[in-house]
Structures are given as C-alpha cells and as structure tokens.
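Engineer: Could you have a look at this structure, given as structure tokens, before my questions?
Where a number appears in this text, it was derived from the coordinates with a stated rule and is not lab data. Note that this is a predicted model, so its numbers are computed, not measured. When we count neighbours, we look across all protein chains shown, and the Cβ atoms used for this are built from the backbone with ideal geometry, even at glycine.
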Amino acid sequence: MPASGSASSVAVSVSFNTIGVINKSSDRFAGTADDPLMRYYALAYETSAVDFINLDTDATYTLYVYSQQAVNAINPETLVTAGGTSVTLSNPSSATPLFVNGYNYTSISDLRSDESGNLSFTYSPGSNSQIGVLNGIQLLQTSASFADVGIEGDDGPMPVPEPSTTALMSIGALFLARYELFRKKEDESISL
C-alpha cells in the first residue's frame, strides 16, 4: 500500500545543490533502442539528491542508475550512494553502445523504503572528476511491504515475471503448436 493508505502515484524529486544542467550526451547509443535513455543527462557539480515519494512502505527495491560520459568531459566519474552503499561509475569513453556494470550503470539491491514510503539516493562527481552525470534511473520493487503480504515480518518476492520471460513462453507455445500441426499433417499423409 502507498504510504497514504490509498492509491496514489509515485513522485520523483531531484535537488541540485549547484547548477544542474540537462545536456545532450555523446552519440554512443544513437540509433539503438537505448538512445532515449542515454541521449540526455543531468549534470551535477556537487552532491545532488533524488527522492522517490509515495512508494509502498517498508518494501524492498533495486535501484538502477545509468550514467554516460558527458560531451567533452575529462575523467568523468559519478559517485552513486543509496542505502549506505556507494558505487563509482567511470563513464568510459569507448564508442561501443554496451551497458557495463560499474562503468555506465550500476544496480544497488535490498534498498528499503521508510515508514513514509520514501527512498533516496545521491549522485555527485567522483573523487577524480568535477562533474557527476545522471542519464536515467529505474526503481524495481523486489518485495512487498509487510502490510501487503499480510504476514508480519515476512516479505517474500513479488511474483511478477519479466516481460522477456512471458514473450519467450509465448514464442515457445507457438512453436509447439506449429510442430503439433505439422506432425498431424504428416501422420495424415502417411495413413493415406
């Protein structure tokens, strides 16, 4: 349940301590399916906070943060901190449009929303950089809140299949149906 006890939407708040600029990234992902995610970035010169508001209370989440080299940046690094875990993304200058954990994205698991349904993380320049770059964020709920499962102290995983799993199962079912149809036609032609 949302923190308010009624259905509401999740809000995201971003606070820049200094100038926050939305710029165009390098064209590394241009023409790929990931171009909308990686095309623009929010630039931070000091620590900036991102807050998720109205989440399920006391539920666990995995946070994905995407960061790519800013255009003409020298030694870009982005430090991401959530739930006591800090990860430095080195934002490689390679022109290859690949996602590499620790370079242009990271995931931090087992983050728990507070009793108000809030969850926060910060991003800032790394120790060898003057800028922090944020291209995109994704928050995935990995377990229900205690109230949602109805068992005090137990919060098992949410039973939601990945879309790719559903697609693979559908494709497999189509192949099985096609095979069965082909086999029946073959049996009919042999018995004639």
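Engineer: Between Ala173 and Asp35, take the C-beta separation as r, use R0 = 30 Å, and let me know the FRET efficiency to the nearest 0.05. Please report the intermediate quantities before stating the final value.
Structural biologist: Values: r = 32 Å, r/R0 = 1.07.
Efficiency for this residue pair is about 0.40.
Engineer: A further question on this structure: So, in nm, how far is label Ser13 from label Asn118 when the simple model puts each one 7 Å beyond its Cα toward the Cβ?
Structural biologist: 0.6 nm
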